[in-house]
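Throughout, read-outs are computed from the coordinates displayed, never taken from laboratory work. These numbers come from a predicted model, not from an experiment. Counting neighbours? That spans all protein chains shown, and the Cβs are built from the backbone with ideal geometry, glycine included.
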Amino acid sequence: MFEVQRGAGRKLLLIHGLGGSWQSWSTILGALSAERTVIAIDLPGHGSTPAEADSGTFDGLVGSVERYVGDKGLEGIDVVGSSMGARIVLELARRGRVGNAVALDPGGFWRGWERTFFRTTIGVSGRLLRAIRPLLPMLSSNAASRTALLAQLSAHPWKLDPEVVATELASLSTTRTFDALVHDLSNGPEQTGPAADPARRIVIGWGRHDRLCLPRQAARAKAAFPSAHLHWFEASGHFPMWDQPEDTAAAILAAIE
């Protein structure tokens, strides 16, 4: 599995979301690596990591990360995940494979019409980005088009760094397992808990303006992981590390101290 390491100190594993890569953490990588040895991976089928036979399923990705942790001797490592990666983090905590865990706007807690909403909106976004892939650098550089493309994912997309946006959208548009994962995630069972070791700290962070994993789902995540602390990012959408990078880095470091 492709990885990038930065910093020094106790190790911290970062797991990106659907369509992302290790670069999804670029806005907070510096702040985290100033305190920890940060390992940011590309999940199978994403970025520079080739897909495996089961990388189009959530269970397959969890298994890949679990094997990676074991092979690298990282059992008990502190972990942070975003979106789908946040759900992977919670599942690893449920299995007792990791240390302190921070899950930012995790997927997997939708019910009823929310499943269709997720499948339809993110599916359309994926197809659109593939169709306009050559135009993404130009569109990302313009505040109006950036806002149109990221209205579902950011509370204030016009403020985001154009280079960060272009990199993320390009990654999403080239993720080979994207459609298979959308299907699997939206049709699979709801994420369950609790964590195997309640003594390990769990923080579930949620953006008040998340328009993909709706804020109402946070209560279900907390019910599944009753030992978790629920942290609200008041001025954030689906990606707190984009909309509130300083607060996100501070919340992560406080959770894993």
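When you restrict to C-alpha pairs under 8 Å that are six or more residues apart and normalise by the size of segment 3-255, the relative contact order lands at 23 percent. The GNM of the chain, with springs linking C-alpha atoms under 10 angstrom apart, assigns the highest mean-square fluctuation among Lys72, Lys222, Lys11 to Lys72. Applying the Karplus relation 6.51 cos²θ - 1.76 cosθ + 1.60 with θ = phi - 60° to segment 33-49 yields 3J(HN,Hα) values of 6, 6, 10, 9, 7, 9, 10, 10, 10, 9, 5, x, x, 10, x, 9, 9 Hz, where x marks Gly and Pro. Here the sum of -39500 (n - 2.57) over DSSP H runs of 4 or more residues, divided by the residues of the chain, equals -13000 deg cm²/dmol at 222 nm, to the nearest 500.
Computed from phi, the 3J(HN,Hα) profile of segment 18-27 under the Karplus parametrisation 6.51, -1.76, 1.60 (θ = phi - 60°) reads 4, x, x, 7, 4, 6, 4, 9, 4, 6 Hz, with x in place of Gly and Pro.
Treating r as the C-beta distance of Asp71 and His229 and R0 as 35 Å, the FRET efficiency rounds to 0.70. Once the Cα atoms of helix 178-187 and of the chain are each reduced to a long axis, what angle between those two axes, in degrees from 0 to 90 to the nearest 10, is obtained? For helix 178-187, the angle is close to 60 degrees. The spacing between segment 107-138 and segment 50-85, judged by their C-alpha centroids, is 23 Å. Charged neighbours of Ala196, selected by a Cβ distance under 10 Å, balance to +3 (K, R count +1; D, E count -1).
Determine the percent antiparallel among the DSSP beta bridges restricted to segment 3-255, to the nearest 5.
That works out to approximately 15 percent antiparallel.
Working note: Karplus 6.51/-1.76/1.60 with θ = phi - 60° gives segment 112-126 the couplings x, 5, 5, 5, 5, 4, 4, 4, 6, 5, 6, x, 4, 4, x Hz, where Gly and Pro are set to x. Against the longest principal axis of the chain, how steep is helix 245-255, in degrees 0 to 90 to the nearest 10, with axes from Cα atoms? Approximately 10 degrees, to the nearest 10.
Computed about the Cα centre, the dipole magnitude for the chain is approximately 400 debye when only Lys and Arg (+1) and Asp and Glu (-1) carry charge, each at its Cβ. So which residue, out of Trp206, Trp242, Trp232, gets the largest mean-square fluctuation from a GNM of the chain using Cα contacts under 10 Å as springs? Highest fluctuation among the options: Trp232.
Classify segment 3-255: rounded, prolate or oblate, from the alpha-carbon gyration tensor (a ≥ b ≥ c, eigenvalue square roots; a/c under 1.5 rounded; otherwise prolate if a/b is larger than b/c)? Verdict is rounded for segment 3-255. Residues within the reach of a label modelled at Ala148 (point 7 angstrom out along Cα to beta-carbon, backbone nitrogen below 19 Å), restricted to segment 108-125, are 121-125.
Taking amide H atoms as placed 1.01 Å from N in the peptide plane, the amide H of Phe233 lies under 5 Å from those of Trp206, Gly207, Arg208, each 5 or more residues away in sequence or on another chain.
For Ala254, what charge total do you get from the other residues with a beta carbon under 13 Å from its beta carbon, if Lys and Arg give +1 and Asp and Glu give -1?
Values: positive: Arg36, Arg201; negative: Glu35, Asp78, Glu246, Asp247, Glu257.
Cβ neighbours under 13 Å give a net charge of -3.
Other residues with beta-carbon under 12 Å from the beta-carbon of Phe225 carry, at +1 per Lys or Arg and -1 per Asp or Glu, a net charge of +4.
In the chain, the longest principal axis of the Cα atoms and the axis of helix 162-174 are about 80 degrees apart.
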